[in-house]
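Just so it is clear, none of the values below were taken in a lab; they were calculated from the coordinates. Just so it is clear, the structure is predicted and the values come from calculations on it, not from any experiment. Ideal geometry is used to build each Cβ from the backbone, glycine not excepted, and the neighbour counts take in all protein chains shown.
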Amino acid sequence: MSNYIKVSIPGMKNNGDELETSIGRIPQFVRELDDSMKSLGACWEGPAWLAFRQQVESDILNILEVYDWLCHFLQVLSEGEKIYETCEKESYDCIDKIHI
């Protein structure tokens with residue numbers, strides 16, 4: 001098992017951008033799910049419809065909770081990326097100052 005992890009700042013930024021794009025789509029998907037459920041409700045009624053609607057509403061709340069967690073994760077990842085970039089720059093600056 002290795003004690004090192006190779007990290008690339010451009011790779012980190014690319015992964016972060018892809019994650020941000022994917023996470024950003026979640027609210028639209030939730031709206032589409034809610035709209036589809038409401039459309040289905042126009043042709044369905046009774047206890048089965050009520051149970052289905054409650055389950056979908058519960059699922060939407062769970063999705064939104066995960067969405068909030070992912071947004072927080074993305075923020076922390078972005079902060080970590082900035083810290084890593086600063087550290088890498090400072091390391092290169094120190095190395096540039098060494099004269100043999």
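Some observations on this one:
- Neighbour cut-off at most 15 other Cβ (10 Å), DSSP loop, trypsin sites (Lys or Arg not before Pro), the range 1-97: 6, 25
- The chain - charge dipole about Cα centre, Lys and Arg +1 at Cβ, Asp and Glu -1, debye rounded to 20: 140 debye
- The length gained on full extension between residue 94 and residue 9, counted as 0.36 nm times the residue separation minus their Cα-Cα distance, comes to 28.7 nm.
- Convex hull volume of the Cα atoms of the chain, normalised per residue: 123 Å³.
- Sparse-neighbour loop sites [GluC sites (Glu not before Pro); the range 14-46; at most 11 other C-beta within 10 Å; DSSP]: 45
- Here the Karplus curve 6.51 cos²θ - 1.76 cosθ + 1.60, taken at θ = phi - 60°, turns the phi angles of the range 52-69 into couplings of 4, 4, 4, 5, 5, 4, 5, 4, 4, 4, 5, 4, 5, 5, 5, 4, 4, 5 Hz, with x standing for Gly and Pro.
- Taking 83, 98, 9, 26 and counting other C-beta atoms within 10 Å, the order from fewest to most: 98, 83, 9, 26
- Along the chain, the exposed loop sites are chymotrypsin sites (Phe, Trp or Tyr not before Pro) outside DSSP states H, G, I, E and B with at most 16 other Cβ atoms within 10 Å, and the longest stretch free of them is 45-100.
- Computed per residue of the chain from DSSP H runs no shorter than four, each worth -39500 (n - 2.57), the mean residue ellipticity at 222 nm is -29500 deg cm²/dmol.
- Taking the longest Cα principal axis of the chain as reference, the axis of helix 26-41 is set at about 10 degrees.
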